[in-house]
Amino acid sequence: MGLDRQPLSSPSDLLSLAGRVAVVTGVSCDIAASTAVALATAGARVGVVDPDEGAAAAAVRRVSDAGGVARPITLDPAADSRAVEAAFGRLVATWGRLDVLVNATDLVRRAPVEQLDPPALHELLEANLLSAVACTRAAVPHMKARGSGRILCGTSAWARTGAAGLSGYAAAKAALVGLTRAWARELGPAGITANCVAPGLVGEAADQALAADEVQRQLERIPARRPGTPDEVAATYLFLASELASFVNGAVVGVDGGLLLY
């Protein structure tokens, strides 16, 4: 079992996704949109998912501008699991397969615990956790049919360390780690791997998630004294989707510049 392994003619073939089909969710987020571009430029055809029709269309344009192929899927996975199954089915009917799922939806709401009422917590769980469950449920049958697949989930450094005002977000992302590790064990015998990518301070999203003084404190813990970029995170997703990561399963790969060294 595996992702259709063939003899490799050069090292660059190890990162090639030629002939593969991927789905990336939450493309209104810069990391997800950059990941769609990275997978597409490596040769994959990419379905880009977002509840915002404009965000999905913008991601398709970015992929197209980079020379790749993508199609928009406008839906909210957590709101309608049947719509997800139908959309993935149409994608497979068109492109013949589904090899890679990137659950990259990322909703951040900063609030002290006194304001974390059930509706606020449920919003975070729906976007960051339940959407990944719905998409994974829809993708797995297609992957099992081929005997191979990659499930990649976007968690966060804050799932491990916590962050003031982000308890709901940290809880949702920590739960996603637990799910992914369970999927790694459950789906490994079917040739499907499941891994997490855990960004730290990345781009403008860091400024939106944390108070200014907290951002500065976190930057001082990073040896390079700078935030990461969406492209740097996207490169990690590409690695995990590629043949280079064929024996990586159940891992949480930090892309935090050394933030969690201390």
Check your understanding: Does the stretch 183-202 contain at least one residue that is of a type in the set (A, V, I, L, M), surrounded by fewer than 21 Cβ atoms within 10 Å (Cβ to Cβ) and closer than 15 Å to V133 by Cα?
Key -> yes
Revision key, fill the gap. Selection from the stretch 90-124 of residues within 20 Å of L238 (Cβ to Cβ) and either among the charged types (D, E, K, R) or out of contact with any strand residue (DSSP E or B) (no Cβ under 6 Å at 6 or more places or on another chain) (or both) yields R97, D99, D106
Review point. Would you say T180 is in a helix (DSSP H, G or I), touching a strand residue (DSSP E or B) at 6+ places or on another chain (Cβ under 9 Å) and either touching a residue at least 12 places away in the same chain (Cβ under 8 Å) or surrounded by fewer than 18 Cβ atoms within 10 Å (Cβ to Cβ) (or both)?
Key: yes
Study note, to complete from the structure: Per the filter on the stretch 38-66, residues β-branched (V, I, T) and crowded, with 24+ Cβ neighbours inside 10 Å are V46, V48, V49, V63
Check your understanding: Any residue in the stretch 55-76 that is modelled with pLDDT of 95 or more, over 26 Å from P230 (Cα atoms) and of a type in the set (D, E)?
Key -> no
Study note, to complete from the structure: Within the stretch 191-226, of all residues that are β-branched (V, I, T) and not in a loop (DSSP other than H, G, I, E, B), the one modelled with the lowest pLDDT is V215
Review point. Do we have any residue at all in the stretch 152-164 that's touching a residue at least 60 places away in the same chain (Cβ under 8 Å) and among the charged types (D, E, K, R)?
Key: yes
Exercise for review: Test A171 against the criterion of being in contact (Cβ under 8 Å) with a residue 40 or more places away in the chain and in contact with an Asp or Glu (Cβ under 8 Å, 6 or more places away or on another chain), and give yes or no.
Suggested key: no
Review point. Is there any pair with a first residue in the stretch 56-69 that is among the hydroxyl-bearing types (S, T, Y) and a second that is surrounded by 18 or more Cβ atoms within 10 Å (Cβ to Cβ) whose Cβ atoms are under 8 Å apart and which are 6 or more apart or on different chains, and what are they?
Key: S64/A70
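The values are calculated or read from the model by the stated rules, or taken from the named source; none is laboratory data. Treat the numbers as computed from the prediction; the structure is a model and nothing was measured. Here Cβ is always computed from backbone atoms with ideal geometry, including for glycine, and neighbour counts include all displayed protein chains.
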